[in-house]
Amino acid sequence: MTSDWSRVQAVNFERLGLFQQLHIYGDVIPLKPFVDPVHVSQELASFSEKWVQYNPSKSQNPRQGLSVTSLDGGMSGIPDLFSLYEWSKETGKKVSERDFNKTTDAYRQCSAIRELIEPFQENLGRCRFVKFAAGGHFPPHRDGSVSFQIPDYFRILVPLANTGPDDFHFVHDGRLVSTEPGRPYLFNALKTHSVVSYRDDAMTLAISVALNQEMVAKAISLFKIY
Ligand SMILES: [Fe+2]
């Protein structure tokens, strides 16, 4: 298949302009809206049976997900907590981060995340809570785009329960990031990043937001330091 390189270039240039508007400020940027980890755990208590093994083909990696958004508003975790690449190979359906934009019961139940999420509401992509047992991890990777070099979304990570300095490590671009539990971090997901938990019951929230001018402006307005 030959690519239409001039179109690829135009799309990449437009996205790069937006992406750079965010990341000229830094690669890991703390945001203002605080997400109370205790409040989240309390609100999610009734969902204890709803967590699903993250990417079951890697079941030796103890991590579970709870969808805040999904393709259909359901919480089956299919395909949002699976490898999208493998799922699309099997089904022939192609989905992008931004197709996962229907909010679930977990979203409605969890008022603790509203202040952070509502500014992005109409432009949310795939969002999920992730729970780790000791040894649960996401190995070093980059979150790119299937068809273009620059993705059409940006990423926010919120370390929640049991993510203190000796419990949970977020490594970005080869460096251990010092994080505050409950603080959202907008980060450059094109640079390598990984997380690993050293204890049970660690929890994070991962958010994708559509990369457009309105969302870039909104994100900048939420920077903790400006
Ligand atoms: Fe990632």
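The values are calculated or read from the model by the stated rules, or taken from the named source; none is laboratory data. Just so you know, these numbers come straight off a predicted model, no measurement behind them. Here the Cβ is made from the backbone with ideal geometry for all residues, glycine too, and neighbour counts use every protein chain on show.
At a glance:
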quantity: Residue that is farthest from residue 147 (Cα to Cα), among those in the stretch 77-133 that are surrounded by 21 or more Cβ atoms within 10 Å (Cβ to Cβ) and among the basic types (Lys, Arg); calculated: 131
quantity: Single unsatisfied condition, residue 91 versus (1) away from the ligand (no atom under 16 Å from the Cβ); (2) at pLDDT 95 or above; calculated: (2)
quantity: Selection status of residue 160, in contact with a Gly (Cβ under 8 Å, 6 or more places away or on another chain) and surrounded by 21 or more Cβ atoms within 10 Å (Cβ to Cβ); calculated: yes
quantity: Selection from the stretch 94-114 of residues that are of a type in the set (Gly, Ala, Ser) and within 16 Å of the ligand (Cβ to nearest atom); calculated: 96
quantity: Selected residue [farther than 25 Å from residue 196 by Cβ and out of contact with any His (no Cβ under 6 Å at 6 or more places or on another chain)] from 94, 50; calculated: 94
quantity: Test set (1) in contact with an Asp or Glu (Cβ under 8 Å, 6 or more places away or on another chain); (2) among the β-branched types (Val, Ile, Thr); (3) free of Cβ contacts under 8 Å to residues at least 12 places away in the same chain - residue 69 fails condition number; calculated: (3)
quantity: Identity of the residue in the stretch 115-169, charged (D, E, K, R) and more than 14 Å from the ligand (Cβ to nearest atom), that ends up modelled with the lowest pLDDT; calculated: 122
quantity: Pair list, Cβ < 8 Å and 6+ apart or interchain, from the stretch 198-209 residues that are closer than 18 Å to residue 112 by Cα to residues that are hydroxyl-bearing (Ser, Thr, Tyr) and away from the ligand (no atom under 14 Å from the Cβ); calculated: 202/163; 203/41; 203/163; 204/163
quantity: Unmet criterion (only one of (1) within 18 Å of the chain's Cα centre (by Cα); (2) surrounded by fewer than 16 Cβ atoms within 10 Å (Cβ to Cβ)) for residue 20; calculated: (1)
quantity: Within the stretch 118-144, tally of residues that are over 30 Å from residue 199 (Cβ atoms) and touching a residue at least 12 places away in the same chain (Cβ under 8 Å); calculated: 4
